[in-house]
Structure formats: C-alpha cells, structure tokens
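Trainee: Handing you a structure now.
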Amino acid sequence: MTAIDPIIVDQVAALLDGETNVITNLSNAAAILYNSLDQVNWAGFYIYSKQRNSLDLGPFQGQVACMHIAPGSGVVGTSYEKQTPLRVPNVHEFAGHIACDAASNSETVVPLKVDGSIVGIMDIDSPILDRFSEKNVKVLTDFGAALSKHLDAAALSAIY
Ligand code: SME
C-alpha cells in the first residue's frame with residue numbers, strides 16, 4: 001500500500017473548473033488517476049446505460065477492457081448494485097471478478113453520484129496485491145465527488 005496524495009482532489013476540481021463536456025472531464029480525470037497513483041495498471045470509468053441496463057466502458061487509461069458489465073456482475077457491477085465503494089485486496093478471491101487485464105491483482109471502485117443517483121463507477125486496478133488502503137479509498141471517494149460535480153446526468157444519458 002502506498003499513499004495517495006489528497007492533492008489529486010484539488011487538481012481534478014481545478015482542471016475541470018468551467019468545463020461542461022462530460023467526456024472531456026472523464027478523460028482528464030482518468031489521466032490524473034493513472035499518472036498520479038503508484039502501482040496502477042488501469043484507471044477509468046464505467047457509465048450506466050439505461051437503454052442497455054449495462055455499465056458501459058467510458059474514458060480510461062490502460063489496457064483494452066471489457067466493454068459492458070451488467071449491474072451485479074464483477075466488482076464494478078457489485079459496487080453499482082450495492083451503491084458503495086469496494087476495496088478488493090485480492091481480485092482472485094472476489095467471486096465473479098471480471099478479469100480484463102490479467103496483470104490486475106487488487107482493485108478499488110467508487111460510485112459516481114450526480115443529483116443523488118449513481119451515473120457510473122470509477123475503477124482503479126493494481127498489479128500489486130492489497131495495493132489500496134482504507135485511507136486510499138477515502139481519497140478516491142473525495143476525488144469521485146469532486147469529479148461528479150462536473151458531470152451532467154442528462155449529457156451522459158444522451159451518450160450512453
Ligand atoms: N475487474 C472489473 C472489470 C473491469 S476491469 O478491471 C477494467 C470487475 O470485476 O468488475
């Protein structure tokens with residue numbers, strides 16, 4: 001486990017200030033996560049598609065990933081269904097884990113809430129077992145909240 005500097009919360013807020021394009025905002029948020037965190041091999045977003053009832057792959061950095069995840073499936077779908085962040089120290093011990101990148105060994109997911117509803121899931125993978133601490137999850141939850149202020153639910157559902 002290594003620390004995640006809470007400065008990333010201020011960085012995302014400052015960078016997205018005044019920007020309304022949801023893809024632009026998710027893209028730069030993925031870049032901050034991927035480049036600021038140690039020992040991370042994938043960082044990005046799954047956005048809920050009402051018409052498909054699926055969490056569809058959104059902007060990310062890392063290897064090619066699964067494109068659609070059903071609510072309730074895998075770490076991402078479980079977080080969506082339970083409406084809570086999940087810290088998974090060992091993905092191989094998580095029943096139903098969806099292996100997109102075989103290098104991933106631990107994972108943290110955080111729901112993104114806009115106007116009280118979850119619009120998608122922020123997902124970060126690490127090749128290191130137990131990479132994410134509870135403290136890390138708190139910083140990532142704050143990061144997700146800062147990002148969500150720059151996500152318009154109607155704009156997302158027009159795309160997804
Ligand atoms: N591992 C995730 C799938 C997404 S990838 O990690 C990018 C899951 O089990 O839902």
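Trainee: May I ask you to list the residues in segment 146-159 that are touching a residue at least 60 places away in the same chain (Cβ under 8 Å) and either in a helix (DSSP H, G or I) or under 16 Å from the mean Cα position of the chain (by Cα) (or both)?
Mentor: ALA146, LEU147, LYS149, HIS150, LEU151, ALA155, LEU156, SER157, ILE159
Trainee: Out of the residues in segment 51-104 that are farther than 25 Å from LEU129 by Cβ and among the polar types (S, T, N, Q), state the one that is farthest from the ligand (Cβ to nearest atom).
Mentor: GLN51
Trainee: Cβ-Cβ below 6 Å, separation at least six or inter-chain, first residue in segment 92-117 and part of a strand (DSSP E or B), second within 7 Å of the ligand (Cβ to nearest atom): which pairs?
Mentor: Going by the 6 Å Cβ cut-off, the qualifying pairs are GLU107/VAL75; GLU107/VAL91; GLU107/ASP125; VAL109/VAL75; VAL109/VAL76; VAL109/ASP123.
Trainee: Yes or no: ASP38 among the charged types (D, E, K, R), surrounded by 13 or more Cβ atoms within 10 Å (Cβ to Cβ) and over 13 Å from the mean Cα position of the chain (by Cα)?
Mentor: No.
Trainee: State yes or no: is ALA14 under 18 Å from GLY120 (Cα atoms), outside any strand (DSSP E or B) and without any contact (Cβ under 8 Å) to a residue 60 or more places away in the chain?
Mentor: Considered against the rule, which asks whether it is under 18 Å from GLY120 (Cα atoms), outside any strand (DSSP E or B) and without any contact (Cβ under 8 Å) to a residue 60 or more places away in the chain, ALA14 comes out as no.
Trainee: OK, next. Which of the residues that make up segment 35-50 are within 12 Å of the ligand (Cβ to nearest atom) and more than 22 Å from LYS82 (Cβ to Cβ)?
Mentor: VAL40, ASN41, listed by residue number.
Trainee: Ok, one more. Condition first: polar (S, T, N, Q) and in contact with a helix residue (DSSP H, G or I) (Cβ under 9 Å, 6 or more places away or on another chain). Now tell me which residues in segment 55-68 satisfy that.
Mentor: If the condition is that a residue be polar (S, T, N, Q) and in contact with a helix residue (DSSP H, G or I) (Cβ under 9 Å, 6 or more places away or on another chain), then GLN61 is the only one that fits.
Bear in mind these aren't lab numbers, they're just calculated from the coordinates by the rules spelled out. Since we're looking at a predicted model, the values are computed, not measured. As a convention, Cβ positions derive from the backbone with ideal geometry for all residues, glycine included, and neighbour counts pool all protein chains shown.
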